[in-house]
1. Can you tell me how much longer the chain between R85 and E342 gets when fully stretched, taken as 0.36 nm per residue apart minus their C-alpha distance, in nm with one decimal?
2. What list of ³J(HN,Hα) values in whole Hz, one per residue of region 239-251 in order, does the Karplus curve 6.51 cos²θ - 1.76 cosθ + 1.60 (θ = phi - 60°) give from phi, with Gly and Pro shown as x?
3. Quick check on my link table: of K132/K291; K281/K344; K357/K410; K195/K290; K168/K385, which ones sit more than 28 Å apart, alpha carbon to alpha carbon?
4. Spelling out what I want: for every residue of region 32-38, take phi, set θ = phi - 60°, compute 6.51 cos²θ - 1.76 cosθ + 1.60 (Karplus), and round to whole Hz; glycine and proline get x.
5. Quote the convex hull volume per residue of the chain, based on C-alpha atoms, as a whole number of Å³.
6. Testing the spin-label approximation: label points 7 Å from Cα along Cα→Cβ at D231 and D46. State their distance in nm.
7. Among N50, N80, N236, determine the one that fluctuates most according to a GNM of the chain built with springs between C-alpha atoms less than 10 Å apart.
8. Set the Förster distance to 30 Å, then compute FRET efficiency between S363 and S133 from the Cβ-Cβ distance, nearest 0.05.
Amino acid sequence: MLQSNLIQENAMSKIKAIAGRSRYYGSFLSLDLARVYLSTPGKRADTNGNHVRAAVQWLCRAQDVSGDGGVARSYSLVYNPFFKRRGWTPSYPETTGYIIPTFFEYSRVAGDRNMFDRAVKMAEWESRVQMKSGAVMGGTVDAPPSPAIFNTGQVIFGWTRAYVETGKAAFLDSAARAGDFLIRAQDPDGAWRKKLSNFATSRIDTYVYNTRTAWALLYLHSVTNEPRFRDAAIKNIEFALTQQLQNGWFRNNCLYMPAEPLLHTIAYSIRGILESGILLKDQRYIDAAKKAADALMANQRSDGSLSGRFNDRWAPCTDWSCLTGDAQTGIIWGRLHQITGEAKYLEPLKRVNGFLKSVQLMSTENPDLYGGVTGSYPINGVYGKYEILNWAVKFFIDSLMMEDSIAAGK
């Protein structure tokens, strides 16, 4: 009887595996996917403003389809085995957190009160799903709640900005509780090794890109003036600098391939150090970020894009480009232009934005796709394969608005 049950269980397992593969490969029979896959970079003649409006429209749809106030993590053009679906995936606390400041900023620039209200709605949702410890959960909102250091830092940006914009103490309370969770979890050397995320690899014990979490604590300090947030942030940045090589590259800086980190996480690390340096008026931090940003600038491709991964010699490791990382790097170059006045950073920003505009999904009437930015280009690149990612769209908006802000002399 026991043997018979085992045979039946094995048979059912094989049937489910076959069915899953069938759903995955069958989902490739899609006109939308074919059009995106076979598309070539489009014309770059449209204005930044029109591209930003299309991207904002996609993020608004991602918020609306979620039905809870958060922003759907992504739209998958094929069957996604992890989420067991094609199309929209659940709301994502981490990235909704840093979409909040983008919506507030767009509301200010465009004079659009609806975007302000949407940002507030996101911040309220984040408070509703915040864990009792103060942490923000890893993964999408449908997963069993588990604390995640990086995710917590990213939502601090949203809560703190929401407090600045609205004056509602509840947002600052959520941010402070999140900050205290980060402090309790921090090791004496400034690194975070505990409670990184249930969705992170165990192959390395810490992630340098948590400099962006340190920056969030400094932003919180700028509003609360609580020294504990500033002190914890400085400890982490100091640790991160011990992981930087002479050429500007960072060790332990990728979820799965630390020898060839993603441009996405490289840019996270650089931005965290740069913005911390700006807030602290610490030239050493700014110079460390500048060294890495300059190395990326030397590796910009002729079409304006960058490789999706770089090794410790800054040698490009992929043919595909990580579009999120491209946009993040453009923002870094724009910030360096703003604080140094050096003109050399402006042209690379314009070129990467030109490339990103050329691959944004604009030639479609499908509202689930229109205005979106895929994880990789081409769409079958490893990062965010066959997906439109809400954070790719967010950083795309930020990079284009950065360029326009510079052009306006702001």
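Only the coordinates and a few stated rules stand behind these numbers; no lab work does. Remember, it's a predicted structure, so these values are computed and weren't measured experimentally. Every residue, glycine as well, gets a Cβ built from its backbone with ideal geometry; the counts of neighbours run over all protein chains shown.
1. On the way: separation 257, 0.36 × 257 = 92.52 nm, distance 4.73 nm.
Extra length from R85 to E342 when fully extended: 87.8 nm.
2. Coupling constants for region 239-251: 4, 4, 5, 6, 9, 8, 7, 4, 7, x, 6, 10, 7 Hz.
3. With Cα atoms farther than 28 Å apart: K132/K291; K195/K290; K168/K385.
4. Along region 32-38, the couplings run 4, 4, 4, 5, 5, 5, 8 Hz.
5. Taking only Cα atoms, the chain has a hull volume of 153 Å³ per residue.
6. 5.1
7. N50
8. Efficiency computed from Cβ-Cβ geometry: 0.05.
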